[in-house]
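One structure is given here, and the rest of the page talks about it.
Please treat every number below as a calculation from the coordinates, not as lab data. Note that the structure is a prediction, hence the values are computed from the model and not measured. Neighbour counts run over all protein chains shown; Cβ positions are idealised from the backbone, glycine included.
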Number of protein chains: 2
Amino acid sequence: MAVYTEVSDEELASFITSYDLGDLLSFKGIAEGVENTNYIVHTSKGPFILTLYEKRVEVADLPFYLGLMEHLAAHGVSCPTPVRNAAGENLSTLSGRPAALVTFLEGFWPRRPTPDHCAAVGRAMATMHLGCEGFTMRRANALGLDGWRPLYDRFKLRASEVSTDLSGLVETELAFLEANWPRDLPEGIIHADLFPDNVFFIGDELSGLIDFYFACNDAFAYDVAVSLNAWCFEKDLSFNITKGRAFLRGYEEVRKLTPTERAALPILARGSAMRFLLTRAYDWLNTPKDALVTPKNPADYIRRLRFHQGVRSIADYGLNGTDK
Amino acid sequence: MAVYTEVSDEELASFITSYDLGDLLSFKGIAEGVENTNYIVHTSKGPFILTLYEKRVEVADLPFYLGLMEHLAAHGVSCPTPVRNAAGENLSTLSGRPAALVTFLEGFWPRRPTPDHCAAVGRAMATMHLGCEGFTMRRANALGLDGWRPLYDRFKLRASEVSTDLSGLVETELAFLEANWPRDLPEGIIHADLFPDNVFFIGDELSGLIDFYFACNDAFAYDVAVSLNAWCFEKDLSFNITKGRAFLRGYEEVRKLTPTERAALPILARGSAMRFLLTRAYDWLNTPKDALVTPKNPADYIRRLRFHQGVRSIADYGLNGTDK
């Protein structure tokens, strides 16, 4: 959480005049977002979020992310909506950075997700999967199966600094995933990072989804697997089958999983645990001690991966044969 | 700039119900404030700022600060106004910290102050000085003359790490200030830290003052001296007499300086430069390298102090005999 780029009042006031948003009233850097700099901006037309894209974001991908948010907002998925400036652009430049202004989404993420939250997230994810139909831009999943081994290669000589048994675990698992990864699953745009801090609620109602900066084309069921990892484990890293059932049933209220997807879910969950294990291990080893952000512990995903290795079918996640 | 205390959604929602502010809609930690944790909180009644007071703040002083803001807001000084909860209290507890909710003040601080800004600040400071009449709580200036030598004693053995000539400069100057410090100047409540980042503007209009956490009882003219240091030096640390004149004339539009105050201004400016030199030098030497905040360079105040040592009268700050 950090403000990487300080914006001056004069630069921002000038930037705001390029939008039909009235006068700049205030702006404050917010301590959210690991990758980018975010400000809450008040203009006479209301509150907005200003994002300055920092070095870790591929500039070439920004039209995809912003276009996706516009498409989703226009197709029934509540999310921050990019505002277009007088030139009709949703992406501009500020303080030497690519910058976008989006509508302010009220709500806040649940620190202790309940089964009801999980059900709402399942419905919202399925609504997003269906809502992406007709969105024609594409973005490959850079953190999908093909990306895992190259990422591991970048830190494998130091893997034991994370955990003494990490290299054995990762190498065996990568070989398994590469040999058995399911192809030909239904695909479309997935969020790919729908963790609790990316889903806002007001009271019990889901108010919207945020942070589409990992969104990409991939199997819908892989997105489901990511959120099983993200929402359905307790602090002690035990899997909460009540939450798993709530999430999957919520998803299926809007979009039924196919038999192939159901069968693939355990390996997709293993792959998704691998993805977060690898990125966290890499960040753990490569984040300077004095960095503005604290890296997350990769060990949590070793535990999740081991759980999924023992899963036999989707029934272990909470859906059984009677859920049709 | 930092969020030191993370507040959970459940704690905050429960906290908000103790106020007559409707439902909690959102909250985001903001990257402002060196001493405390601040959140922007939206409720169905509008935006507010939530402050959690961290360890560097004296809890016993909080009723003074909050009472002062209420008094000022009721007496024509625009500033964040503490909100009282159902129990009638403006100070409560959240996440184990003393906490207060204040109204959101629109505006933003000028990164490049102009003479017009300086004039507006002068008027606002004088309005605050007069507006404090009738406020009966008291707080001594812990960073006034009596506090400087003890503060210096805490780091004098390491003073050369800041600047090779620092100990000579400080010891000579402290002796001078102690021998010549003016007594019996008009006193009242002063802001004591009215730097540009504590004064908000919307366009050219001053919208209000913030951050009263150094406010105390002391000489009004000492507050004037602090802001001469804070507003009227350029980035190259030259004194801008046009800004000095604008600030002093703005002040005198609302409250005339007495002849004694005018005569005392050069030494008060030296004292004020000493105060910021000492606190910055202390912080410079005592802030861990991995701290969330970056200490400010004390050398800027060595330069300011040397300027004031050469000042002969208030004319050097821009007011001359014809300004009456």
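Structure notes:
- For A:E187, the residues 5 or more places off, or on other chains, whose built amide H falls under 5 Å of its own are A:F220.
- Per-residue ellipticity at 222 nm, computed for chain B from helices alone with -39500 (n - 2.57) per DSSP H run of at least four residues, works out to -13000 deg cm²/dmol.
- Here the calculated FRET efficiency for B:E234 and A:N320, from their Cβ-Cβ distance with R0 = 51 Å, stands at 0.10, rounded to the nearest 0.05.
- Cα centroid separation, segment A:105-178 to segment B:226-262 (Å): 58
- Going from the residue with the fewest nearby Cβ atoms within 10 Å to the one with the most, A:R138, B:R149 rank A:R138, B:R149.
- Taking amide H as placed 1.01 Å from N in the peptide plane, the amide H of A:F233 sits under 5 Å from that of A:N240, each at least 5 places away or on another chain.
- Footprinting exposure proxy ranking of B:R304, A:R111, fewest other C-beta atoms within 10 angstrom first, gives A:R111, B:R304.
- Bridgeable lysines around B:K243 (alpha carbons under 21 Å apart, same-chain partners fewer than 8 residues away excluded): B:K235, B:K256, B:K324.
- Built amide H within the under 5 Å cut-off of B:T43, gap 5+: B:L25, B:F48
- Pseudo-label separations to other copies for A:E54 - Cα-to-Cβ vector, 7 Å, nm: 1.8
- Charge tally for B:E11 (other residues, Cβ to Cβ under 13 Å; Lys, Arg +1; Asp, Glu -1): 0.
- Other residues with beta-carbon under 11 Å from the beta-carbon of A:R84 carry, at +1 per Lys or Arg and -1 per Asp or Glu, a net charge of -3.
- Sparse packing (at most 15 other Cβ atoms within 10 Å of the Cβ) combined with a DSSP loop state is found for the following trypsin sites (Lys or Arg not before Pro) in segment B:144-218: B:R154, B:R183.
- Other-copy label distances relative to B:A315, 7 angstrom Cα-Cβ extension, nm: 9.8
- Qualifying chymotrypsin sites (Phe, Trp or Tyr not before Pro) in segment A:184-247, DSSP loop, other Cβ atoms within 10 Å at most 12: none
- The phi torsions of segment B:126-143, fed into the Karplus equation with coefficients 6.51, -1.76 and 1.60 and a -60° offset, translate into couplings of 5, 4, 5, 4, 6, x, 7, 4, x, 7, 9, 6, 10, 8, 5, 7, 5, 10 Hz, rounded to whole numbers, with Gly and Pro shown as x.
- Each Lys and Arg Cβ is given +1 and each Asp and Glu Cβ -1; about its Cα centre, chain A then shows a dipole of about 960 debye.
- Gyration tensor verdict on the protein assembly as shown (Cα atoms; rounded if a/c is under 1.5, prolate if a/b is larger than b/c, oblate otherwise): prolate
- Using a cutoff of 8 angstrom between alpha carbon atoms and counting only pairs six or more residues apart, the relative contact order for chain A works out to 17 percent.
- Cα-based helix-to-principal-axis angle, A:259-286 vs chain A, degrees rounded to 10: 60
- Placing unit charges on each Cβ (+1 for Lys and Arg, -1 for Asp and Glu) gives chain B a dipole about its Cα centre, and among B:L101, B:M128, B:T51 the Cα reaching farthest toward its positive end belongs to B:M128.
- For A:E11, the point set 7 Å out from Cα toward Cβ sits 3.4 nm from its twins in the other copies, listed from shortest up.
- For segment A:212-217, Karplus couplings with θ = phi - 60° (6.51, -1.76, 1.60), whole Hz, Gly/Pro x: 9, 7, 10, 4, 6, 8
- ³J(HN,Hα) computed for each position of segment A:147-153 - Karplus, 6.51 cos²θ - 1.76 cosθ + 1.60, integer Hz, glycine/proline x: x, 5, 5, x, 5, 4, 4
- Comparing A:G188, A:G96, A:G67 in a Gaussian network model of chain A where C-alpha atoms under 10 Å apart are linked, the largest mean-square fluctuation is found at A:G96.
- Among B:P150, B:P266, B:P98, the residue with the largest mean-square fluctuation in a Gaussian network model of chain B, with springs joining Cα atoms closer than 10 Å, is B:P150.
- For B:K28, the aspartates and glutamates whose Cα comes closer than 16 Å to its Cα, not counting residues fewer than 8 places off in the same chain, are A:E32, A:E106, A:D197, A:D211, B:E6, B:D9, B:E10, B:E11.
- Here B:H117, A:H75 are placed in order of increasing Cβ neighbour count within 10 Å, fewest first, which gives A:H75, B:H117.
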